[in-house]
Amino acid sequence: MIVRLLLISALLLPLAGHAANIESGMVVAAQRSAAQAGIEMLRRGGNAFDAAAATALALGVVEPGSSGIGGGGFFLLYIAKEKRYVMLDARETSPRLAGKGEVYESQSSVDGPQSAGVPGLAAGVDHLVTRYGKLNRKEITQPAINLANNGFEVGARLKSMLNWRAKAFSDSARRTYLNSKTIKQEALADTLVRFARGGGEEFYRGETAGRLVADMKRDGGLIRESDMAAYQVIEREPVVFDYQNYRLISAPLPSSGGMTLAHIFGQLKDDDLKKLDRADRVHLLVETMKRAYMDRNGHLGDSDFVDIPDLLNAERLQGIRNSVRMDQATPSSELGSASESIGAGTDTTHFSVIDDEGNMVSATLSINYAFGSGYVSPSTGILLNDEMDDFATRPGKPNAYGLVQGSANAVAPGKRMLSSMSPTFVIGPKRTFIVGTPGGSRIISMVLLASLGFMLDESAPAEWVNAPRFHHQFLPDLIQHEQNAFTPEVAAELQKRGHTFKSMNRQYGNMHAILLDRETGKLIGLTDARGEGVSATAR
């Protein structure tokens, strides 16, 4: 599916690959060892797609609380020689035995093997390498194998996640993650060796699949041989839309990111945000977020299974924008039903890659909750996701994030659960911004704010990813925000207009972005100070 919201006629933006000689390849990722794995591929003569594959596999080893081959994600690509954008959909799918979700009770869609969807990352990495890369699977997998065999020290971020989720761990997960300051994963290393030899065929139909399914059957999971054999990565056309002098390329369904961003920017097409003071700007962004999330929550799901209405019709969006009052917040209760609110996982990872040929990757990967299901398959070392909670597994009841889900996102065999992951490219007249972040349902608003930072160009690039964040997702009807997001004066003015606030008790997001100046070829890597990420170059 492709959504084109052409807000400026006769807009002819240069393609992302049209740049002066790019000074070097770059990888910006959440962990140094993962970024170095990607850079190593560039130094060996690989391209951005090889680097992305190696980075993704390495992150799954050293950042197990956020991603891995037991999960899935989305890879947004720009293939320079073809002048083409494409998204690789490696989102997990529902096992057949999940039925319509009636098997789930209490925490069973969050903790334990029953909460796992069929993993998609292995298929996505294999497709990335064999279809678009220059190197072979053994080369791109070796850094992850080495990290799994040799081990890595537990950093502060991972330690915090372990303390939070350890109570949900299976015996094999406790043995893997809790016994030492250095985590070694020999069983996972063996699985990666098999993947290096046999790729997706081995993972989904060979020894690894057999081992994983045997563990599932013994320990109460729902994934079976037929589910594994049926899994396929899907190439999808991204959501593409123009906003003033910029073109945005973002993730299509089953990610809600691209459509929700297009919805917000479509409402804002005639607003000059630079002329608004801080209170007016925040108020307008919150009101447009609120309306876009209402549509997202009520209507979006896997477009291979449900019909999606034309939510991005320009006249419709203009009418929605006209409903915004600048002097007063509109209560969510006046806009729609409380029974149609959808959440998404908060513990995810994002990385950005570019090579000296102009190929680009923006990749957001996840296992959903911190450490996913908490279940490690003993015979494979694979930590499985708990993405089934991103479905409406219990219609009418809140998921792990206290949110009630809509019928468009109901469980069905083979269906992909709705996501908020939003890997994005923003193409300006002279510069390109590669961006994305973890953060659950707040991913979309984070990408929105960072993209506006790039487009409005009112602050240093580091501020685009580090400024305090705010968010509204229709329900609950309040502005969630980090500390220091608003001055007392702005907060007082917003409260006067009827807004309610909830200050988050922790920072959220871990954004990793790249800024390319296409006139000079200069690159700037942007890392989120909230995390432990690094920017690495191939020089």
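Using packing as a proxy for protection, rank 150-163, 193-206 so that the peptide with the highest average count of other Cβ atoms within 10 Å comes first.
With the highest mean Cβ count within 10 Å placed first, the list reads 193-206, 150-163.
Which aspartates and glutamates have a Cα less than 16 Å from the Cα of residue 275, not counting those fewer than 8 places away in the same chain?
The qualifying aspartates and glutamates are 457, 458.
Direction-averaged shadow area of the convex hull around the Cα atoms of the stretch 185-243, nm²?
6.7
Using only Cα atoms, locate the centre of the stretch 220-272 and the centre of the stretch 49-71, then give the distance between them in Å, rounded to an integer.
First find each Cα centre; the distance between them is then 21 Å.
Apply the Karplus curve 6.51 cos²θ - 1.76 cosθ + 1.60, θ = phi - 60°, to the phi angles in the stretch 177-194 and return the couplings in whole Hz, x for Gly and Pro.
10, 10, 9, 7, 6, 10, 9, 10, 9, 5, 5, 5, 4, 4, 5, 5, 4, 5
Let's test the formula: R0 of 60 Å, r as the Cβ-Cβ distance of residue 136 and residue 272. What FRET efficiency results, to the nearest 0.05?
For R0 = 60 Å, the calculated efficiency reads 0.70.
To the nearest 500 deg cm²/dmol, what mean residue ellipticity at 222 nm is calculated for the chain from DSSP H runs of n ≥ 4 alone, each contributing -39,500 (n - 2.57), summed and divided by the residues?
On the way: 15 runs with 175 residues, N = 539.
After summing the helix terms and dividing by residue count, I get -10000 deg cm²/dmol.
So what's the stretch 221-286 giving for Rg/Rh, alpha carbon basis, Kirkwood Rh from the mean inverse pair distance?
Details: Rg = 18.7 Å, Rh = 14.9 Å.
Radius of gyration over Kirkwood radius for the stretch 221-286 works out to 1.25.
When you count, for each residue, the other Cβ atoms within 10 Å and take the mean per peptide, how do 52-62, 180-190 rank with the highest first?
The peptides rank, most packed first, as 52-62, 180-190.
Expected output is a single nm value to one decimal: the length gained when fully extending between residue 21 and residue 44, i.e. 0.36 nm times separation in residues minus the C-alpha distance. What is it?
Stretched fully, the residue 21-residue 44 segment lengthens by 6.3 nm.
Using the structure shown, list the pairs from 81/415; 167/217; 138/184 with a Cα-Cα distance above 31 Å, or answer none. Intermediate values should be presented prior to the final figure.
Values: 81/415 33 Å; 167/217 23 Å; 138/184 20 Å.
Checking Cα-Cα distances, 81/415 exceed 31 Å.
Of 377, 185, 80, which is farthest on the positive side of the dipole of the chain, counting Cα position, with +1 on Lys and Arg Cβ, -1 on Asp and Glu Cβ, and the Cα centre as origin?
185
Pull out the extension gain between residue 313 and residue 234, defined as 0.36 nm times the separation in residues minus the alpha carbon to alpha carbon distance; nm, one decimal.
Contour length minus the Cα-Cα distance gives 25.8 nm.
Report the full-extension gain for the segment residue 463 to residue 522: residue separation times 0.36 nm, less the Cα-Cα distance, to one decimal in nm.
Difference between extended and current length: 19.4 nm.
What's the percent breakdown of Cα-Cα distances in the stretch 200-346 across 10 Å bins, shortest bin first?
10, 29, 27, 15, 12, 7, 0
Where the convex hull is taken over the Cα atoms of the stretch 85-219, what is its projected area averaged over directions, in nm²?
Taking the Cα atoms of the stretch 85-219, their convex hull projects to 10.2 nm² on average.
Just to be sure I understand: if I project the alpha-carbon convex hull of the stretch 162-274 onto a plane and average over all orientations, what area do I get in nm²?
Computed as one quarter of the Cα hull surface, the answer is 12.2 nm².
Sorting check: for 91-99, 212-220, 453-461, 254-262, which peptide has the highest mean count of neighbouring beta carbons within 10 Å, and how do the rest follow?
254-262, 91-99, 212-220, 453-461
Quick one: putting +1 on the C-beta of Lys and Arg, -1 on the C-beta of Asp and Glu, what dipole do you get for the stretch 246-331 around its Cα centre, in Debye to the nearest 20?
Numbers: 12 positive and 13 negative charges, 72 e Å.
I would put it at about 340 debye.
Computed from the coordinates by the stated procedures, all read-outs in this text should not be read as laboratory data. Keep in mind that this is a model prediction, so the values were computed, not measured. Cβ atoms come from the backbone with ideal geometry, glycine included; neighbour counts cover every protein chain shown.
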